[in-house]
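Sharing a structure here in structure tokens format.
What follows draws every value from the coordinates through simple rules; no lab data is involved. Note that the coordinates shown come from a computational prediction; the quantities given were computed from them, not determined experimentally. All Cβ positions, even for glycine, are placed from backbone atoms using ideal geometry, and neighbour counts span all protein chains on display.
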Amino acid sequence: MAAAGEIVVPGGIMDFTRTPGGRKIATMLSVAAVVAVMAGVWMWGQQPDYRVLFATYNDRDGGAIVAELEKMNIPYKYSDGGTIMVPSDRVYDARLKLASQGLPKGGNVGFELMENQKLGSSQFVEQINFQRAMEGELARSIESVSSVQAARVHLAMPKDSVFVTEQKTPTASVLLNLYPGRTLDAQQVSAIVHLVASSVPELSPKSVTLVDQNGNLLSDSGKPPATGLDPTQMKYVQELQQNVARRIESIISPIVGAGNVRAEATADVDFSRSEQATESYKPNQTPDAMAIRSQQSSESQNGNGGAAGVPGALSNQPPAPATAPITSPAPGKTAAPAAASATPSNTRKDSTVNYELDKTIQYVQQGSGGLKRLSVAVVVNYRNAAGKDGKPAQTPLSAAEMDQITNLVKEAMGYNQQRGDTLNIVNSPFASPKIEPIPETPLWKQPATIEMAKTTGKYILMGIALLLLYLRVLKPLLKKLSEPLALPPAAAQGGEGAMQLGHDGAMALSAGQRNYQDNLTRAQQLAKDDPRVVANIVKTWVGGNE
């Protein structure tokens, strides 16, 4: 069997590196192999750090994302759970480029469903596609809420009817999948309900049902609470109590120091609502001070006129013109009475005055949320002062300081004695909790140190591998190929370092003979000494197509 680096030829073995061309080729191949190995080690050391691109996606979006990453020549790999990871320096670039193409789309289909309408689609199919698009768009909008991980919307949209009595209103059901540890408060639930109701025509907020992934009904706003307590009212009371306690602590802390005062408040709030209408009349006043609404006066005179004059024909004739001068009676004498005296008449005068009524109408509406009573308890810590031995000691506050704190607390809480408010302030030392010393993390256990050690170790291993390749492979190879070929002295046939002739007449050149010119000289000498052997060798070469 031929050794490494030797070529077996009929009649002997020939070292490939003896020829100048062979040595060049061997040198080039060896250097290329070593450089390739060193480059591989270097690339392994420079492997990028992969970060998460997308963690949650469906199969359809995953295929589209991978296809786009291949188009953008961005390397990627999968981690546990199917997470797609890309190099850390290209995470945000990849996300922005994928977002510009609408990836990931999610499991919901929006109005892009209407873009791929087939020719000849029926009205029923178009209506179904429109409803699916509406449900998908609403689900995407709801998923924009920070606490919502995924959402599904189901719309029940009845057909329009020309008969008013047969018209039905649409309804909606929403299933929410919240993030672990997240909840929705009443305002967020109401916002989602009104969002869905405002997006569908003629959909009332009362017809929207909201359910979470645990089957809890979130939109049960139409029914009163089973316990008789309104969550909104309870939240208002809690905020009121916390606000009072916070105001007290904020005004006392600068005097006794931060953390040396604790306050709690209990508020009795009246949530009942009442309305009252009152109509009252004041007593009568003097006519001069009263306003006249209307005034009416009337006067009538009634007289009865009888017959006058002397009875006879003369009295029935018109009077003749006067022929004698009319003279007035003498003083002291009265005129002669007429033939008959005149009948007396009746006179009547009426006056009606209407005055304005002094009336008061009052409507009183008392809103809910009125504060009926407030109780506050405050605990103040002892003051820290130096003792007789110079060590820190706690001393109680003086009476003047307690009075000052009491007055400040009353002003901060809005103390009202008539309302029945109570205040209790206690000066007592606080029990200091036992603080367990947290052991300091050793340097070799700190995450930053571990990460730095990993990075340093990777570069050290890379350097050691490159150094070993150079010292053990590349340097000896270059040294061996650069040495001149030395021709050992001729030895007896069958001895070490001599040319051997086998039983088949083949010639093998010893591995110790490294000079091509010397080998050529010896071959020529052999051809002169024993031509038959050389002829057999050439014949064997020709017959074996060598």
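Would you please give the FRET efficiency between Q242 and N177, computed as 1/(1 + (r/R0)^6) with r the Cβ-Cβ distance and R0 = 30 Å, to the nearest 0.05? All intermediate terms of the calculation are to be shown ahead of the outcome.
Working: r = 32 Å, r/R0 = 1.08.
Once rounded, the FRET efficiency stands at 0.40.
Then there's this: If you take the beta carbon distance between S198 and Q101 as r and set R0 to 22 Å, what does 1/(1 + (r/R0)^6) give as a FRET efficiency, to the nearest 0.05? Before the final figure, lay out the partial values.
On the way: r = 30 Å, r/R0 = 1.36.
It comes out at approximately 0.15.
Pairs K479/K528; K71/K454; K77/K458; K372/K410: which are spaced more than 25 Å apart, C-alpha to C-alpha? Let's see the in-between values first.
Working: K479/K528 36 Å; K71/K454 33 Å; K77/K458 21 Å; K372/K410 16 Å.
Pairs exceeding 25 Å: K479/K528; K71/K454.
Something else now. Report, in whole Å, the centroid distance computed from the Cα atoms of region 174-197 and region 68-97.
Between the Cα centre of region 174-197 and that of region 68-97, the gap is 32 Å.
Suppose the chain between A36 and A400 were pulled fully straight at 0.36 nm per residue; how much longer would it get relative to their current alpha carbon spacing? Intermediate values should be presented prior to the final figure.
Values: separation 364, 0.36 × 364 = 131.04 nm, distance 8.82 nm.
In short, 122.2 nm is gained.
Okay, moving on. Along the positive direction of the dipole of region 359-475 (beta-carbon charges: Lys, Arg +1; Asp, Glu -1; about the Cα centre), which of P439, A465, A453 reaches farthest?
Among P439, A465, A453, the one farthest towards the positive end of the dipole of region 359-475 is A465.
In nm, give the distance between the simple-model label positions of K445 and I255, each being 7 Å from the Cα along the Cα-to-Cβ direction.
A separation of 4.7 nm, rounded to one decimal place.
For region 140-260, calculate the relative contact order in percent as a whole number, restricting contacts to Cα pairs under 8 Å that are 6 or more residues apart. Walk me through the numbers before you get to the answer.
Values: 117 pairs, mean separation 22.5, N = 121.
For region 140-260, the relative contact order is 19 percent.
May I ask you to compute the full-extension gain from A523 to V66, defined as 0.36 nm times their residue separation minus their alpha-carbon distance, rounded to one decimal in nm?
Details: separation 457, 0.36 × 457 = 164.52 nm, distance 6.64 nm.
Separation in residues times 0.36 nm, less the Cα-Cα distance, equals 157.9 nm.
Measure off 7 Å from each Cα along the Cα-to-Cβ vector at K434 and Q276, then give the distance between these two points in nanometres to one decimal.
6.1 nm
Can you work out the FRET efficiency for the pair Y415 and K458, with r the C-beta to C-beta distance and R0 = 56 Å, to the nearest 0.05? Each step should come with its number before you reach the end.
Working: r = 70 Å, r/R0 = 1.25.
For Y415 and K458, the calculated efficiency is 0.20.
Using only Cα atoms, what is the ratio of the radius of gyration of region 133-199 to 2.2 N^0.38 Å? Present the calculation step by step, with values, prior to reporting the outcome.
Values: Rg = 14.4 Å, N = 67, 2.2 N^0.38 = 10.9 Å.
Output field value: 1.32.
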